[in-house]
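**Student:** Sharing a structure below in structure tokens format, with a few things to ask.
Each reported figure results from applying straightforward, stated rules to the coordinates on display, with no laboratory input. Only a predicted model underlies this, so the values are computations on that prediction, with no experimental measurement involved. Positions of Cβ are backbone-derived with ideal geometry, glycine not excepted, and every protein chain shown enters the neighbour counts.
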Amino acid sequence: APWAAGHRGVDLAARAGQAVRAAAAGRVSFAGPVARRGVLTIELSGTGDPPLRTSYEPVRATVPKGARVTAGQVVGVVEAGPFHCPTGCLHWGLRRGDRYLDPLSLLPRSMLRGGPSRLLPVFGIPPAQGSAAASPPEAAGARPRLAAAASPTGPSDLAPAVALAAAAAWA
């Protein structure tokens, strides 16, 4: 249920001290501790009302609340664990208002291995075999431009940080 406890987002392989980069341009709407873990939230520019918000944790923010950031800009560093992953990880989330969305929907299909992402935990359910990727959720209709708005090249303008994050997630 939307109000219940759970894991909403994706975990990207990361180690303490590693730089965290903004997935897209926007404004820092929160930077501080939540339950003793550093959290950074960025409202993405040009994504409607309410805007899409990406979140990163555990992170020690290097940018203050209210700061404008660009895609790929270093916005913090991964804090030391404990982590809920077997090794270190960065949790990447996406919301519109109170609704949780799949942050992988911000990436072009060419960066994804196919098949929908799943929220954890999933026990005893085998992965789908040979299925095409599911349509991205609501976020796809308001996909932010991750580079200059005047650029005609579209998804190929993705910030190197997002490409690196996706590669780490699937490694």
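**Student:** What is the distance in Å between the Cα centroid of the range 79-95 and that of the range 46-65?
**Tutor:** Using only Cα atoms to place each centre, the spacing works out to 16 Å.
**Student:** Could you work out how far apart the two model spin labels at Ala19 and Thr62 are, taking each label as a point 7 Å from the Cα in the direction of the beta carbon, and quote it in nm?
**Tutor:** That separation, rounded to one decimal, is 0.6 nm.
**Student:** OK, next. Calculate, for Arg109 and Val34, the FRET efficiency according to 1/(1 + (r/R0)^6) with r their C-beta to C-beta distance and R0 22 Å; round to the nearest 0.05. Working shown, then result.
**Tutor:** Working: r = 32 Å, r/R0 = 1.46.
Efficiency for this residue pair is about 0.10.
**Student:** Same structure, new question: In percent, how large is the relative contact order of the range 9-100, given Cα pairs closer than 8 Å and 6 or more residues apart?
**Tutor:** On the way: 228 pairs, mean separation 36.4, N = 92.
This gives 40 percent for the range 9-100.
**Student:** How far apart, in nanometres, would the label points at Cys85 and Glu43 be if each is projected 7 angstrom from Cα along the Cα-to-Cβ direction?
**Tutor:** 2.9 nm
**Student:** Taking only Cα atoms of the range 1-116, what ratio of Rg to Rh do you get with Rh as the Kirkwood inverse-distance radius? All intermediate terms of the calculation are to be shown ahead of the outcome.
**Tutor:** Details: Rg = 13.7 Å, Rh = 14.6 Å.
That ratio equals 0.94.
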